[in-house]
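Presented below is the structure to which this report refers.
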Amino acid sequence: MSDSKPDLLPVRALNQVVYCPRLYYLQYVDGVMPVNEHVEAGLFDHRRIAAPELQNKTRTERQTATSRGITLSSEALGITAVLDVIEEKNGEHYPVETKHGRAAYDADGHPRVWENDAVQLCAQALLMEEAFGQPVRRGYQFCAGSRERVEVEFTEELRNKTRDAIARCREIAQADRPPEPLPPEQRHKCFGCSLAPVCLPEETLFHISQPTPSPAEEPSSPLLRRVIPASDAGAVLYLQEPGSTVGKRSEHLIIKKDGNELGQVPLHAVRDVVVCGNVQVSTQALQTMLENDIRISYLTGHGRFLGAVVPAVAKNITLREAQFRRFSDPAVCLQLAKAVVRAKIHNQRALLMRCLRGEEELRGSDEPAARDLWTVLRSLDAADSLDTLLGMEGQGAALYFSQFGRFLKPAPTGAAFDFQSRNRRPPRDPINALLSLAYAMLAKDCFAAVCTVGFDPYKGFFHQGKHGKPSLALDLMEEFRPVIADSVVLTLINNQALTKNDFLIWRDACQLTDSGRRTFFAAYEKRKATEISHPVYGYRMSYARMLEVQARMLAAFVREEIPHYTGFMVR
């Protein structure tokens, strides 16, 4: 017989489930713990309480005994907590909880405590009653912003709400997907919430309200209120100096070669690190980067993506279980693959028309290849298998790359780049070398996006049977190939940022020089930072953010939160 007991819930989880059940699921079931300025401020306010030298110690001042950082647990209640402060005065014990910000006020101007905060404080009182065997009739919330103490009376009604919150946490934890976002009358809670970039409440509710995808040619929604950050903090550090080493000193990464220091980079300024070729990274540097949630991606000297070292995998096992279950259903795989292939061909057609517009006084849409791509697009719905769809995707790619050479602007004599057809493994000419590197970088970023969301990157729905390949990352990147990767290549060549001197050709293999790669990496990051309007949601975001948003909406579909997945299509 098993004597295992259920895990004890942290009391702060009760605060979250009363505030927003979806927030509780994402934070305590999926294990997503992002930090924003409000969370940081709260941690700062608790700095004295959390100080090790003050925990579990009692001080008496003005006839009040004060104990800080006391841990209490109850198997009967199923909860545990580290209490900020327990005070004892005139024989009475009561908890004091510190909250960031100013006190709230009721209609009569009296300070009050929000229901979710009151439940958290009441749960602490229940723990104290069991531990000390004395009734706890009241507690206090200290509001650091206004320096006020607000009394909370632990009525029977509040105690029942607290017990109901414990039961609600257990119920939600057994679900396969998060609860729906808050209704409109409570949506104000989303703004300032650190989980908003993960939850995507407006976007999720929009898809729930749309039983079928909207046509890509028309804006499909009014402007949604954006609750996600405008950009990602931190830069991408590229390490490619052959024979160099990367170590750690204090809060900096130190790059050296032959004993000479080439540079140092503060860790707080880095979001991702890309290692190209023969560069050694010390164990201390790797550990520090992982502790700071910095991803490290490895590429060969030729620019082929090998893999990544990422922080501990997200805890949301329910998403991965749903991923394997749903991606084992041929109908679901076909539905998702159609959405991705439709977005890819649509974006290829849009780039083709943009590049060829005005040539020989024709509109881009009058190009035979544009018309043929439109025919392929219209026939996608008739595909009844992944093999058929794969053939249509290949047909679209052949039409697109048959015209790719015309996308290149005429250059001065002797500086022109020729493109005849797509070739790889290895690429044999400069354009194909650039395309292969761009696709490797995009695969790296899509790999990071699906891992961030909590997917298994090796279980895809379209690129199946590719053992050892990050199939889901390859699926996600299809819709972004033309608008990110191909666009970077065309910009570098048409603006003459690269010349033939930036390439090395040896035995029919072509690759960029070190200086050429630096130019490429700068252009690639600039493209990812470009902000555009999302074709469905209406607000602006960077391409880098778009990758994660699409991955999160794919997760919502996999969990059956929303009825369909819509690929990213430029207008």
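Just so it is clear, none of the values below were taken in a lab; they were calculated from the coordinates. Just so it is clear, the model here is predicted, and its values are computed rather than measured. Heads up, the Cβs are rebuilt from the backbone with ideal geometry, glycines too, and the neighbour counts pull from every protein chain shown.
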Exercise for review: Determine the principal axes of the Cα atoms in the range 371-491, then give the extent along each, sorted from largest to smallest and rounded to whole angstroms.
Suggested key: 50, 33, 22
Exercise for review: Rank by packing, highest mean first: peptides 193-203, 142-152, with packing defined as the count of other Cβ atoms within 10 Å averaged across residues.
Suggested key: 193-203, 142-152
Exercise for review: Work out how much length GLU180 to HIS110 would gain on full extension: take 0.36 nm times their residue separation and subtract the Cα-Cα distance, in nm to one decimal.
Suggested key: 21.8 nm
Exercise for review: Report P(r) for the range 317-558: all Cα-Cα distances, bin width 10 Å, range 0 to the bin holding the largest distance, values in whole percent.
Suggested key: 7, 29, 36, 22, 6, 0
**Study point:** Approximate spin-label separation VAL309-GLU171, in nm, with each point projected 7 Å along Cα-to-Cβ
**Key:** 4.6
Review point. How are the Cα pair distances of the range 120-209 distributed, in percent, across 5 Å bins from 0?
Key: 3, 10, 14, 14, 17, 16, 13, 8, 4, 1, 0
Study note, to complete from the structure: Bounding extents of the range 487-549 in its principal axis frame from Cα atoms, largest first in Å, are 48, 22, 17
**Study point:** Average silhouette area of the range 235-309, convex hull of alpha-carbon atoms, in square nanometres
**Key:** 4.5
Review point. Here are some pairs, LYS344/LYS526; LYS409/LYS526; LYS459/LYS528; LYS338/LYS526; LYS344/LYS469; which of them have Cα atoms lying more than 27 Å apart in this structure?
Key: LYS338/LYS526
**Study point:** FRET efficiency estimate (nearest 0.05) - Cβ-Cβ, ARG187 to LEU262, R0 45 angstrom
**Key:** 0.35
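Sorted by average packing, counted as other Cβ atoms within 10 angstrom per residue and highest first, what order do 111-121, 70-80 take?
Listed from highest to lowest mean packing, they are 111-121, 70-80.
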Point to revise | Mean separation of Cα contacts under 8 Å (6+ apart) over length of the range 317-558, as relative contact order % | key: 22
Check your understanding: Could you name the aspartates and glutamates in cross-link range of LYS189, using Cα to Cα under 17 Å and dropping any fewer than eight places away on the same chain?
Key -> GLU37, GLU115, ASP117, GLU180, GLU202, GLU203
Exercise for review: Would you list which aspartates and glutamates come within 18 Å of LYS256, measuring only between C-alpha atoms, while excluding same-chain residues fewer than 8 positions from it?
Suggested key: GLU241, ASP514
**Study point:** Cβ-based net charge around ASN432, under 9 Å, with every Lys or Arg adding one and every Asp or Glu removing one
**Key:** +2
Review point. Quick one: length gained pulling GLN134 to ASP387 fully straight, 0.36 nm per residue minus the C-alpha distance?
Key: 84.0 nm
Revision key, fill the gap. The summed charge of the GLY307 Cβ neighbourhood (under 13 Å; Lys/Arg +1, Asp/Glu -1) stands at +4
Point to revise | Cut-off 12 Å between beta-carbons: net charge of the residues surrounding PRO330, Lys and Arg +1, Asp and Glu -1 | key: -2
